[in-house]
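Chemist: Supplied in structure tokens, the structure appears directly below.
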Amino acid sequence: MRISFLNYFIGISCPFFLVNANQLNWTECGSNDQRVFVDQFDISPQPIPVQPFGSLNISIKARTTTILNDLVNFKLRIIRKIHGVFGKTIRIQIPCIANMGSCSYKFCELFKLINATICPFLKQHGYECDCPLTAISIEAENLNIPSILKRAGSGIYEIGVQIINDIGKSFGCLRLEMSFDLQPTKV
């Protein structure tokens, strides 16, 4: 079974619950020398109903000015913020287990994980679906991503993606913050 990076990147849901994201905030956090740019990012509908068999619509406008290959690493960091005692926020990093969670991926490894989702889109717009990936500019409206989200809890999730080359230079960065409210669904 192939796991879409974007699907997992969004969050995690429980089998008999509906998870609603009350808000989505994102920022591009790259350096002056970045090579990967995200100009637009949106998830719909909002609030986001995440169910075991549901799907999400992603809209994105992004571009690269460099070739993405196995010398490029994607570092994914997922943190769940929970309200603790005396108003203090507890930050829990979701560990990397079975290639899911706060993990690092070489680009071609990641590309294999998401190719079932991204390849039809790339081919439709005249791009080859191979790794390494040449410099491209993409714009996708309502890209339907099947939900594979398995577990989540109420709280705020911070998701960070850093794109770094083999010598540690940042090629790009994206930060997301999403709040979830766990509500039971009717079966």
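The values are calculated or read from the model by the stated rules, or taken from the named source; none is laboratory data. This is a predicted model, so every value here is computed, not measured. When we count neighbours, we look across all protein chains shown, and the Cβ atoms used for this are built from the backbone with ideal geometry, even at glycine.
Chemist: Working only within the range 91-109, note down all residues that are in a strand (DSSP E or B) and closer than 30 Å to P132 by Cα.
Modeler: If the condition is that a residue be in a strand (DSSP E or B) and closer than 30 Å to P132 by Cα, then I97, M100, S104, Y105, K106 are the ones that fit.
Chemist: Look at I60 and say whether it is modelled with pLDDT of 80 or more, of a type in the set (V, I, T), surrounded by 13 or more Cβ atoms within 10 Å (Cβ to Cβ) and in a helix (DSSP H, G or I).
Modeler: Values: modelled with pLDDT of 80 or more: yes; of a type in the set (V, I, T): yes; surrounded by 13 or more Cβ atoms within 10 Å (Cβ to Cβ): yes; in a helix (DSSP H, G or I): no.
Taking the combined requirement at face value, the residue does not satisfy it.
Chemist: All but one of (1) in a helix (DSSP H, G or I); (2) among the aliphatic types (A, V, I, L, M); (3) under 13 Å from the mean Cα position of the chain (by Cα) hold for I163; which doesn't?
Modeler: (1)
Chemist: So N99 fits all but one of (1) under 23 Å from W26 (Cα atoms); (2) surrounded by fewer than 17 Cβ atoms within 10 Å (Cβ to Cβ); (3) under 15 Å from the mean Cα position of the chain (by Cα); what number is the exception?
Modeler: (1)
Chemist: Test of understanding: among N69, N73, which residue is more than 18 Å from the chain's Cα centre (by Cα), modelled with pLDDT of 90 or more and not small (G, A, S)? Please lay out each step first, then the result.
Modeler: Working: N73 fails: more than 18 Å from the chain's Cα centre (by Cα).
Checking each option against the conditions leaves just N69.
Chemist: Being in a strand (DSSP E or B), over 30 Å from Y127 (Cβ atoms) and either of a type in the set (V, I, T) or without any contact (Cβ under 8 Å) to a residue 24 or more places away in the chain (or both) is the filter here; which residues of the range 63-90 pass it? Even if it seems obvious, please write down each step before you answer.
Modeler: Initial filter on the range 63-90 (in a strand (DSSP E or B)): 63-64, 68, 73-83, 89-90.
From the residues that got through so far, the ones that are over 30 Å from Y127 (Cβ atoms) too are 79-83, 89-90.
Passing the criteria: I79, I82, T89, I90.
Chemist: Considering only residues of the range 119-140 that are among the β-branched types (V, I, T) and in a loop (DSSP other than H, G, I, E, B), which is nearest to E109 (Cα to Cα)? Reasoning before the result, please.
Modeler: So the first thing to find is which residues in the range 119-140 are among the β-branched types (V, I, T), and the list is 134, 136, 138.
The next check asks that each one be in a loop (DSSP other than H, G, I, E, B); those that pass are 134, 136.
On the way: T134: 16, I136: 19 Å.
Across the range 119-140, the extreme among qualifying residues is T134.
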